[in-house]
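Here is the structure we will look at.
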Amino acid sequence: MGSLVYIRLIGFTAGTLLQLFWMVVIVGYRRQRNFERVFFFFCLALFLFYSGSLLALNAEIYYPVPPALLESSAITLLCAGLCLLPPLLIHLHLEFAETRELLKNRAGKHVVLFAAYVPILYFALRVFRQIATAPGFDFLIPGNALGRGYGVWLGLALLFGAGWEVRFAFGAPDRRQRQFHGLLVGLFVAGAAMVVYLHVFGGPHSPNSSAGISTALAWLAIPPSAMLIYLVQRFNFLQIGRQKNLVYAVSATFLALLYLSLVRRVSVWLEPALPPEASASILLFVLVIFIEPLQRVLGRRLEETAHKEMDRVQRLTAEIQQEARRGNLKELVNFIQRRVQEQFELASATLTLVDPAKAVLRADGSRPDEKLLRTSAPIADQCFQVGQKHGLIAVLRAEPHGAAISGETRAALEFLCEQLPGALDLCRLIEEKLQLERELSERERLAVLGQMAASISHNLKNPLGSIKTILQVQLENPGVPESVRAETRMVLEEVSRLSAKLNQLLQFSRPAIRGGAVRATCDARAVAEEVSGVLRHEAERRGVALHFEVGPEETKLSASAEAVNEILSNLVVNALEATARGGHVKVSGRANGQGFLFAVEDDGAGIPESAREKILQPFFTTKTQGTGLGLAIVARRVAEFGGKLDWESPVRNGRGTRFRVILSS
C-alpha cells in the first residue's frame, strides 16, 4: 500500500504541474478562439482534481488525523474538478471539431452542450450534502458520494471523446497528429472501461485493487498532456509552436519548480541522517555541473533554429524576387502577404506601401487607415518597417494567432523586410518598363489608325459633299413629288450623320497639342450655355429632361472654347443616348480648389462590368451605330489642356453614370 501512495503522490504532483503549465501557456498565448478558452477550463478542471487529490494525500501523510478545514478544502477542490470534467471534455471535442470544420450542425452542438452541463448542479448538490454528513471519502472508489450516475456520466463523456478522436485521427494532416489522436482513443476507451467497472458494476471487492484501478484512472490525463508539449514544441500542434519563447520560459519555470519540490522531498527523506539545510545545499550545488552541458545544448539548438529561420527567409525571398520579375506591383504585394502568412503561420499579414508624394497608399492606390503607422503599443509591436536609405517605403504588419510574435519569427521577419526593398524596386522598374512599352505600342497603333482615318475621311468627304449638294438642289425643285421629297430628306439626314462621323474621325486623327503651347481661354458658363442651347432640342426629341446648373460667376478656363464645347458635347450626347425616355441628365459646373469642375450625370442603366476598362479606348462602343470615338476624344482633349477625367458607375440604386472633368482656370 505504501508504494501505491508514492505512485499516487508522483502522479498527482505531475498532473498538477502539467495542467498548471498548460493554463499558463494558454493565458500567455491569448488566442481569441473558443477552443483555447475551453481548453483552459478543461485544464483548470484537471488542475482542481489533481491539486485537491495532492492536498488530501499530503494531509494523510503528514497528519495522523487531518484537520477538518484542510480536508474540506481538498474535497472541495477535488469535487469541483470532477464535476466540471465530463462536460468540458465534451465541449473541448466539439470546439476542436469546429476548428477542423468537421462540425456543421451548430444547433445540434448547443443541444449536446446543454445536456452535458445540466448534470453539474445535481452532482454538486449531492457531493456537498455528502461532505456535510460523511467527510473523508475517496471519490474514485465505488460507494462514494458521486455514485453510479457519475460513472455513467463520465463514461459517456470519455466514449464521446473517443468517437471524435477516431474522426480526428482519420482526418489528421500528418503522422504525428494521427499517433496523438490514436493514443487518446486508447486512453479514453480504457478510462471509460475503468470508470464503468468501478462506478457502475461496483469494481473489485479488494480495497487495494480498487485503489490501484482508481490510481491508474487518475494517471490517464498525464501521458497526453506531456505528449502535447512535445508536439507543440516540435511540430507546432495547435499553432502554439511558433511561441517557442513562451513555451521555453514556462517549461524552465516548471522544471525549476519540480526540482525544488524534489529537493524538499529528498531533504525530508534524508532528515534522519542529514540536516535538511545540508541536503538542500548539496542538491542545489549539483546543478552547477549541468550548466556547461546545458549551455552547449541550448547553443546548438538556438543555432539550428537561427539557420532554419534564415533558410526559410532566403527561400521566401527567392520566391518574392521571381514574382517581382512579372512586373505587377499589386499582385506582388498580394503574393508577399499570402506567402508571409503561410510561411510564418500567422493569423494575417498586411503589406502597406508608403509613397512620400501621396502619403500612405496601398498597392491599388487606395488610401488605408493612416493610424497604421502611429498606433498603440501592441499593434506597433506587430509592424515591421521596410525602408531604404532615403526613407520608409512600406510597412509589414504581421498579426499572430496568439498574443505576441515569437523571438525567432520576429528576427526572421526583420531580415525579410531588409530584402523586400530590392524586390519592390525591381517590380516597380519592370512595371514602368512594361507600361512604357504598352504606351508606345498603343501610340503606334493609334498613329496608324489616325492616318487611316484621315485618309478615309478625306477620300469620302468630297463625294459626300457632292451628294449632299445634289440632294439639296432636288429638294428645292417644286416639281419633285412629295413621296420622293420625303425619301430625299431621309437620305439627306443619313448623309449628314455620316458626314458628322467623318468629322469625328478627322478630329481624332489630328495630332494632340499640349497645353503648354496653347494660350487660348474661354468662359466656362458661356460654353456650357452654348452646349445647352444646341443639345436641348435633341433631349426633347428623345424625351429626356436636360438640366444645366452652372454657377453664375464668370470663370476663365485655360482652354479653347472649341475644345471645352467638344468635351461637354460628347459627354452630354453619350448621356442622352444612355438614358431611356422619361429619364434625366444633369450637367453641373462649379469652381473648386483645382480649377473648374464639370460633371455630367445620367440615370441610365450604367456601364456594364465587361466594358469598364475599355470605355476610353478608341473605336470601342456598345451602341449599334456608334464609332467609339466620343469618350476617346474627350480623354484626349482633356489631356491636351492638362485636365483630369474620371467617372463612376453606378451612381445610386445600381444605376446611372457620372463623368467628372477638371480643367485649370
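Restricting region 61-73 to residues that are surrounded by 15 or more Cβ atoms within 10 Å (Cβ to Cβ) and of a type outside the set (Ser, Thr, Tyr), the residue that is nearest to Leu154 (Cα to Cα) is Glu71. Under 8 Å between Cβ atoms, at least 6 apart or on separate chains: pull out the pairs that start in region 269-296 with a residue that is farther than 18 Å from Ala256 by Cα and not assigned by TED's automatic domain parsing to the domain that holds Ile61 and end on any residue that is outside any loop (DSSP other than H, G, I, E, B) and of a type in the set (Val, Ile, Thr). Filtered contacts from region 269-296: Pro276/Val268.
When Glu304, Glu323, Glu319, Glu342 are screened for being of a type in the set (D, E, K, R) and farther than 25 Å from Arg428 by Cα, only Glu304 passes. Filtered by the rule that a residue be in a helix (DSSP H, G or I) and surrounded by fewer than 18 Cβ atoms within 10 Å (Cβ to Cβ), region 324-342 gives Lys330, Glu331, Asn334, Arg338, Arg339, Gln341, Glu342.
Where residues in region 6-15 are over 11 Å from Phe254 (Cα atoms) and surrounded by fewer than 23 Cβ atoms within 10 Å (Cβ to Cβ), which of them is modelled with the lowest pLDDT?
Among those residues, the one meeting the criterion is Tyr6.
From the list Arg296, Arg301, Arg325, which residue is within 48 Å of the chain's Cα centre (by Cα) and either at pLDDT below 75 or of a type in the set (Val, Ile, Thr) (or both)? Quick ask: steps written out before the conclusion?
Numbers: Arg296 fails: either at pLDDT below 75 or of a type in the set (Val, Ile, Thr) (or both); Arg325 fails: either at pLDDT below 75 or of a type in the set (Val, Ile, Thr) (or both).
Checking each option against the conditions leaves just Arg301.
A single entry from Ile282, Ile291, Ile213 fulfils the requirement of being over 30 Å from Leu158 (Cβ atoms), at pLDDT below 75 and assigned to a helix (DSSP H, G or I): Ile291.
For region 526-554, the candidate set comprises residues that are among the β-branched types (Val, Ile, Thr) and in a helix (DSSP H, G or I); within that set, the residue that is surrounded by the most Cβ atoms within 10 Å (Cβ to Cβ) is Val527.
The values are calculated or read from the model by the stated rules, or taken from the named source; none is laboratory data. It should be emphasised that the depicted structure is a prediction, and the values quoted were computed from it without experimental measurement. All Cβ positions, even for glycine, are placed from backbone atoms using ideal geometry, and neighbour counts span all protein chains on display.
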